[in-house]
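Only one structure is covered here, and it is reproduced in the block below.
Every number in this text was worked out from the coordinates using simple rules, so none of it is lab data. In this text, all values refer to a predicted model and were calculated from it rather than measured experimentally. We place every Cβ from the backbone using ideal geometry, glycine too, and count neighbours over all the protein chains shown.
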Amino acid sequence: MTTTAVTTLEPIDVFTSFGVRAYVTTRAFGSLSTQGDESVSDVIGRWDALRLGVLRAPRFATGRQVHGTRVVMHDGSWSGWLRVDDADGHYAPDRGTGLAVTVADCVPILIAHPSGAVAALHAGWRGTAAGILRRALTVMAEDGLSLKELRVHLGPAICGPCYEVSPEVYAQLTGKIVERPTTVDLRALLAGQASAAGVRAVTLSDDCSRCDDDRFFSHRGGDTGRQAAAIIAD
Ligand SMILES: [Zn+2]
């Protein structure tokens, strides 16, 4: 008899040497969307499992995501769970502040510095075109961090071959004119933005939310559910 292990949570190990843990939840963890038709107690229960059981976070910040470029800085003077209005990015300079974004095809961006400063961003095509990653890197640089010392990880998201966009969207993302719908790799564009800003260590997940939609929720695959990407410096 064989048993199939169902993974509800996948660790992201690129920040371990900084004393920083990061994870992405899978479909088996359940949806973390507050906008579906699931019961509130089920969804909040999953958030509590992530915040308290997995991250063990004294402070935990999330946001109502609006495909914008606002990055909120969270100091270490509070405790509990903060849900910010209209913010797709979070930056925490102090250890002990967990951050999370929710995605289903959009790119979850996780950033850490050896000091324990961390950031989490949600970037779909709008956020990528409008520069949420550049915005976050500016916030971190203005707070005194050297961008050369950062590590940036681009988590599970829709892959290039799966992501066809209109000529209008393609032009906003690349500055190039095309005649017909064309595929675009958001993670490759974001990696280029990070490198151009001076980040040396950029890693990209191989996972596609659409190709691998038995493991991950996919908006283009018809899901209303969302997975979370979360990070905390211990
Ligand atoms: Zn794919």
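Details
- Were the residues from R56 through S77 laid out at 0.36 nm apart, the gain over their Cα-Cα distance would be 5.9 nm.
- Distance in nm between pseudo-label sites at D234 and D214 (7 Å out along the Cβ direction from Cα): 3.3 nm
- Cα centroid separation, the range 41-104 to the range 140-204 (Å): 23 Å
- Dipole axis of the range 9-233 (+1 Lys, Arg; -1 Asp, Glu on Cβ), positive-most option in V184, T16, C159: T16
- Local electrostatic count, A49, Cβ distance below 12 Å [Lys/Arg +1, Asp/Glu -1]: +1
- By the count of other C-beta atoms within 10 Å, a proxy for reagent exposure, R56, R126, R187, R46 are ordered fewest to most as R56, R126, R46, R187.
- Gain in span if fully extended, E164 to V84, counting 0.36 nm per residue against the direct Cα distance: 25.7 nm
- Counting neighbouring beta carbons within 10 Å and listing from fewest to most, the residues F18, F217 come out as F18, F217.
- Taking every DSSP beta bridge that has both ends in the range 9-233, the antiparallel portion is near 65%.
- Ranked L52, L110, criterion: other C-beta atoms within 10 Å, fewest first: L52, L110
- One quarter of the surface of the convex hull around the alpha-carbon atoms of the chain equals 13.6 nm², the direction-averaged projected area.
- Taking the convex hull of Cα positions in the range 52-162, its mean projected area over all directions (nm²): 7.1 nm²
- The range 131-234: C-alpha gyration tensor shape, a/c 1.5 cut-off, then a/b vs b/c: oblate
- Nearest-0.05 FRET efficiency for I177 and E149, computed from C-beta distance (R0 35 Å): 0.40
- Label point distance in nm, T7-T203, each placed 7 Å from Cα along Cα→Cβ: 1.3 nm
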